[in-house]
Protein chains: 2
Amino acid sequence: MKSKVNRELPDDLMNKLDYKPFETTEIGHPEIQRVAPKVHVSTGDDKIVDSIKQVVADTVKDGMTISFHHHFRNGDFVFNQVMRVIIDAGIKNLTLAPSSLTGVMNDMVIEAIKAGTITNITSSGMRGSLGDFVSHGGLKNPVIFRSHGNRARAIEHGDIKIDVAFLGVPSADRLGNANGMEGNAVFGSLGYALMDAQYADQVVLLTDNIVDYPNTPASIKQTQVDYVVKVDKVGDPDKIGSGATRFTKDPKELKIASMVNDVITHSPYFKDGFSFQTGSGGAALAVTRYLRQSMIDNQIKASFALGGITKPTTDLLNEGLVKKVMDVQDFDKGAADSMHTNGNQQEIDASWYADPDNKGAMVDQLDVVILSALEIDTKFNVNVMTGSDGVIRGAIGGHQDAATGKLTIISAPLVRGRIATVVPDVTTVVTPGDSVDVLVTEFGIAINPKRTDLIAALSNIPGLPVYKIEDLQKMAEKRVGTPKPLEYTDRTVAMIEYRDGTVIDTVKEVKD
Amino acid sequence: MKSKVNRELPDDLMNKLDYKPFETTEIGHPEIQRVAPKVHVSTGDDKIVDSIKQVVADTVKDGMTISFHHHFRNGDFVFNQVMRVIIDAGIKNLTLAPSSLTGVMNDMVIEAIKAGTITNITSSGMRGSLGDFVSHGGLKNPVIFRSHGNRARAIEHGDIKIDVAFLGVPSADRLGNANGMEGNAVFGSLGYALMDAQYADQVVLLTDNIVDYPNTPASIKQTQVDYVVKVDKVGDPDKIGSGATRFTKDPKELKIASMVNDVITHSPYFKDGFSFQTGSGGAALAVTRYLRQSMIDNQIKASFALGGITKPTTDLLNEGLVKKVMDVQDFDKGAADSMHTNGNQQEIDASWYADPDNKGAMVDQLDVVILSALEIDTKFNVNVMTGSDGVIRGAIGGHQDAATGKLTIISAPLVRGRIATVVPDVTTVVTPGDSVDVLVTEFGIAINPKRTDLIAALSNIPGLPVYKIEDLQKMAEKRVGTPKPLEYTDRTVAMIEYRDGTVIDTVKEVKD
């Protein structure tokens, strides 16, 4: 069978895993029966456990689904400590269901797979040695990749049923009231972990900072927590911040950022009360800086900024250019500290952020979204999962989710080194072209042909050349040539779900 | 059959309603499967409905369970508007499941019962004409009275399955992000209503104040709300405040308050980091004032204050005498305003406050609790539901829940007018004597005999005479005589649940 973006899907796996192929970006109005966890009743007075070894012995059994969050990013000290104990305990056949996997976890995941401890994985993404390992057939069962909103959906549907969640926090009291805003290793919003805290049958907090009862604000509540484990350190504060914190000086990135800003300011969405999600990284920060100046020049204020939040965005809040900031995660300490002190920054969970099966998620209200791409093809389909060599080296993150915004802009260079970004067909379809509106490269922009309104609005703007995407693709090809087709085995190493839980594409084992 | 407090329970009703009799105040460690609501998926863009009539037509069907909150207390303009429309629509056989019923709702409830619109009620309590009506057999099916914690438990178990919740709020945006802190008719914490918002299949907000999207802080979230209805006024700010806001000048109340303070300060619980719940009313405010001075004199600070919060308690927070305030409801505008601005005041839902089937509720951590009583008997059983005439005129509130604190003090005058408070047997057992530690009257105190530690600690304190409770009962009887026994019919008009969902007592129809 095929998904609506024309990708062949393996019948056997689709049937075995009870999957439907991706059909449409429209979610419609289904009626959903949510699920709920079991609660082991107690007064909460005996939650403190001395060691990870003890809590693992008390909670994890063969065949269970365990989860972690990735808010510590590459400063995470929790995942490896817990997995070490689980592997050493000889536990087998676990499903690993973290909000995402960061590079610092790679070696341990590979070891756990080899030991038979982990036999299934669902994640937002994976990179580096783990992506390589999986792409070369290291895990027997296919990885299930889900966006942040889709993970929330899957948890709320019961598609992911978490038996034990291990959640690291920079502060907690003895009953488990916890937040990500106080302590040594702060990261701000606990947005992704709030799903695990609410839906897991057993919730284990790990912290290096047990504070007086009751700890407030309580992002995670004592009513959700079974165990609190004191560890030496939950994370390295210097490695929690993700990506650039400074404005880029790369002329190509600056040019793209400037053109992204032109697209926004000449679109019908740039008016008082508009909303946006810019994301992280040096180029995103540059967009935020250009946008700031345009907002001042045009006396326009935004109603809200959404997503992974950075300090340049909270600066806009403090300047009064943005009225509210909605944080599902914070990418730097500046944004995390600001959430703690500024009442106009609201911590939101992943469901509120982006679950499509909801009574309205924040992403449904977004006007302007800027997203990146490893590849984008002439059908505007975007790949943020695999490299041009077919190897897994990315993450869906909120890409599919935020792409449902009214003006979805993909910001990407035409080529990266000797590799084309704009291609005839992306290696892996993650976000369907149907939800992408404009591609911005350093040479010019391309507009999705179905957006005739945007074509009218954005044509004939000085310094903003508009191309057909096929022309941009040919420009890229002219520069870097036509790569040799990739070779794969028949084996499926990963399923890419669309945010509604259908399958949009798969990843095959690469042939060396 | 009988409950453990020796009350005869009607076998037929107990079996028909699948009830067990009350056995013990110990909750133990059951494993509970929580329930979850249905979600009608949408992007949230069409939630605004023009009229209550329209939203009732879209949501309420014969036989459903509907709910309201009572945070507006006697300033509520929401309940009567909605019920008027439901009665006029000819809808029948509804179960009314509000967090409680206040006097301003009485006439409308009686009309709805007479019309056949309401045929079942579960509530924390009822007073005035409605209590009288029910006590005289006005409702065919028995009312189910539940404490605030027990209502949360029942909702989380599915014992109460809310089809439609009608929740009035002083501010909401067009998607339903709402709080009780901003607008004209503010009441502070939405604690009780948060249960309905989380568990009802359909959630209707009513507000007189639609604010810019996104409204923060979002106590109720857009992910929980189906409809937002604009009404002229949700409440009368002058009538939302409950009970006294000023220190009492009644010498008897002052004497009791002073002795309550003596009991607290001479107990082993009065030490740095202790916690307390004082409640509302002039006498409670007086206790808070005495306690404040004792805390200053002894350089003792409290870790937290819990419950329905008043301004004198938030004043302690601002003075640094209390570190955290946990608000399930706020009894005056001062407390509500303080919750809005003070990060050390945490809004908590009724489950976190007091659900016994939890991973630890706040009440489980309470050291000192001061509660009132209509009657208390020589077994220390407390009645807060019926008058000495057998007529319903009260509410369980958090009484059963908070009584699980380490030092539970009942503060009550020995007699009220010609009616004894301390009696051989209370008219209706609401809170079992097993969870009550000390009775404080204006003549002296009585200590539950099982608390030998408190008898040792509190004997021989100047100005704090200690009696056997039987002696206090005889003193009361000597003053007001022995009342004629009440006469009832065989008909049960109300079941009193203990907080774990068992039945502790019933209320019979009074004979005129």
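The values are calculated or read from the model by the stated rules, or taken from the named source; none is laboratory data. Every value quoted in this text rests on a predicted model; they were computed, and no experiment measured them. Cβ coordinates were reconstructed from backbone atoms using ideal geometry, including for glycine residues, and neighbour counts include every protein chain displayed. Areas reflect the complete protein model, heavy atoms only, side chains present, ligands, DNA and RNA absent. Shrake-Rupley method; radii C 1.70, N 1.55, O 1.52, S 1.80 Å.
One residue is enough: does the stretch B:20-34 have a residue meeting the conditions among the aliphatic types (A, V, I, L, M), closer than 28 Å to B:Ile210 by Cα and modelled with pLDDT of 95 or more? No, every residue in the stretch B:20-34 fails to be among the aliphatic types (A, V, I, L, M), closer than 28 Å to B:Ile210 by Cα and modelled with pLDDT of 95 or more.
Just the residues that are within 13 Å of chain A (Cβ to nearest Cβ), touching a residue at least 60 places away in the same chain (Cβ under 8 Å) and either in contact with a Leu (Cβ under 7 Å, 6 or more places away or on another chain) or surrounded by 24 or more Cβ atoms within 10 Å (Cβ to Cβ) (or both), please, taken from the stretch B:329-344. Across the stretch B:329-344, the qualifying residue is only B:Met339.
Could you please give the count of residues in the stretch A:108-138 that are of a type in the set (Val, Ile, Thr) and in contact with a helix residue (DSSP H, G or I) (Cβ under 6 Å, 6 or more places away or on another chain)?
4
If you go through the stretch B:107-140 and keep only what is assigned to a helix (DSSP H, G or I), of a type in the set (S, T, N, Q) and open to solvent by 10 Å² or more (accessible area, probe 1.4 Å), you end up with just B:Ser129. Considering (1) away from chain A (no Cβ under 14 Å); (2) not in a helix (DSSP H, G or I), say which one B:Val55 fails and leave the rest. It is condition (2) that B:Val55 fails.
Tell me yes or no: at least one residue of the stretch B:156-178 is surrounded by 24 or more Cβ atoms within 10 Å (Cβ to Cβ), within 14 Å of chain A (Cβ to nearest Cβ) and basic (Lys, Arg). No: zero hits.
Would you confirm, using the coordinates I've provided, whether B:Ser267 is in contact with an Asp or Glu (Cβ under 7 Å, 6 or more places away or on another chain) and in the same structural domain as B:Gly334 (by TED's automatic domain parsing)? When the stated conditions are applied, B:Ser267 does not pass them. Of all the residues in the stretch B:373-389, those that are at pLDDT 95 or above, of a type in the set (S, T, N, Q) and part of a loop (DSSP other than H, G, I, E, B) number 2.
Among all positions in the stretch A:390-407, there is at least one residue which is aliphatic (A, V, I, L, M), open to solvent by less than 10 Å² (accessible area, probe 1.4 Å), part of a helix (DSSP H, G or I) and more than 11 Å from chain B (Cβ to nearest Cβ).
Condition first: at negative phi and open to solvent by less than 20 Å² (accessible area, probe 1.4 Å). Now tell me which residues in the stretch A:182-198 satisfy that. Matches in the stretch A:182-198: A:Ala185, A:Val186, A:Phe187, A:Ser189, A:Leu190, A:Gly191, A:Tyr192, A:Ala193, A:Met195, A:Asp196, A:Ala197. Give just the number: which of (1) loosely packed, with under 13 Cβ neighbours inside 10 Å; (2) within 27 Å of A:Ala197 (Cα to Cα); (3) within 14 Å of chain B (Cβ to nearest Cβ) does A:Glu26 not satisfy? Failed condition: (2). Among the polar types (S, T, N, Q), open to solvent by less than 10 Å² (accessible area, probe 1.4 Å) and touching a strand residue (DSSP E or B) at 6+ places or on another chain (Cβ under 7 Å): does that describe B:Ser147? In short, no.
Against the condition touching a strand residue (DSSP E or B) at 6+ places or on another chain (Cβ under 6 Å) and either open to solvent by 10 Å² or more (accessible area, probe 1.4 Å) or at the interface with chain B (Cβ under 10 Å from one of its Cβ atoms) (or both), how does A:Ile91 come out, does it pass?
Criteria not met by A:Ile91.
Each residue in the stretch A:448-500 was checked for being among the β-branched types (Val, Ile, Thr) and in contact (Cβ under 8 Å) with a residue 40 or more places away in the chain, and 7 of them qualify.
Listed conditions (1) within 11 Å of another protein chain (Cβ to nearest Cβ); (2) assigned to a strand (DSSP E or B) are all met by A:Pro356, apart from (2).
Within the stretch A:360-375, the set of residues being under 18 Å from B:Leu175 (Cβ atoms) and either more than 9 Å from chain B (Cβ to nearest Cβ) or not aliphatic (A, V, I, L, M) (or both) comprises A:Gly360, A:Val363, A:Asp364, A:Gln365, A:Leu366, A:Asp367. Just one of (1) part of a loop (DSSP other than H, G, I, E, B); (2) open to solvent by less than 40 Å² (accessible area, probe 1.4 Å); (3) more than 14 Å from chain B (Cβ to nearest Cβ) fails for A:Ala36. It is (3).
Determine, yes or no, whether B:Leu439 is open to solvent by less than 10 Å² (accessible area, probe 1.4 Å), part of a helix (DSSP H, G or I) and modelled with pLDDT of 95 or more. Here the answer is no, as B:Leu439 does not meet what is asked. Residues in the stretch A:170-209 that are aliphatic (A, V, I, L, M) and assigned to a loop (DSSP other than H, G, I, E, B): A:Leu175, A:Met181, A:Ala185, A:Val186, A:Leu190, A:Ala200.
For beta carbons closer than 7 Å, sequence separation of 6+ or different chains, a first residue in the stretch B:11-37 that is touching a residue at least 24 places away in the same chain (Cβ under 8 Å) and a second that is open to solvent by 100 Å² or more (accessible area, probe 1.4 Å) and basic (Lys, Arg), the qualifying pairs are B:Pro21/B:Lys2; B:Phe22/B:Lys4; B:Glu23/B:Lys4; B:Thr24/B:Lys4.
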